C-alpha cells in the first residue's frame, strides 16, 4: 500500500496523514474516471467502425446510381446541344420565348417578364 511508503517529511511514520489519505482517494477516483473514459472511447470506436461498415455496404448502390445519373445526364446533353443556345439546359415548361425576355402570363393571370 502506498501509505506505508515513506514520503518526504513523514519522518518514518507508518500511519498516513490526512493529506495522504485524501490524495490516495483522489488518485483512486481519477483512475476510475480514466478507466471509464477508456471504456467509452472503445465503445465509440466500435460504433464508428459499425457505421463505416454499413456505409461501405452502400458503395455498390452508389456506383449504380452514379452510372444511371451519368447516363441520363449524357442523354439530355446530347439531345439539347443541337437546339439549345449557349449550351444552356431548358427548364421543364420553359419555352424559347421566355428566354428572350418576352412577357408571359402564368396560370393565375399574372404577367411576368422573363429574361
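Residue 84: at pLDDT 95 or above and surrounded by 10 or more Cβ atoms within 10 Å (Cβ to Cβ), yes or no?
no
Would you say residue 90 is out of contact with any strand residue (DSSP E or B) (no Cβ under 9 Å at 6 or more places or on another chain), at pLDDT below 90 and surrounded by 10 or more Cβ atoms within 10 Å (Cβ to Cβ)?
So residue 90 fits the description; yes.
Tell me which of these residue 3 doesn't satisfy, since it passes every other one: (1) at pLDDT 85 or above; (2) in contact with a helix residue (DSSP H, G or I) (Cβ under 6 Å, 6 or more places away or on another chain).
Condition (1) is where residue 3 drops out.
Of the conditions (1) modelled with pLDDT under 55; (2) not in a helix (DSSP H, G or I), residue 14 clears all except one; give me its number.
Single failed check for residue 14: (1).
Within the bounds of the stretch 94-114, is there any residue that is modelled with pLDDT under 95, on the phi < 0 side of the Ramachandran plot, touching a helix residue (DSSP H, G or I) at 6+ places or on another chain (Cβ under 8 Å) and part of a loop (DSSP other than H, G, I, E, B)?
yes
Write out, first by first residue and then by second, each pair whose Cβ atoms fall under 7 Å of each other, whose residues are 6+ apart or on separate chains, and whose first residue, in the stretch 18-29, is in contact (Cβ under 8 Å) with a residue 12 or more places away in the chain while the second is in a helix (DSSP H, G or I) and surrounded by 10 or more Cβ atoms within 10 Å (Cβ to Cβ).
From the stretch 18-29, the pairs are 20/3; 24/2; 24/3.
The values are calculated or read from the model by the stated rules, or taken from the named source; none is laboratory data. Being a predicted model, the structure only gives us computed values, none of them experimental. Cβ coordinates were reconstructed from backbone atoms using ideal geometry, including for glycine residues, and neighbour counts include every protein chain displayed.
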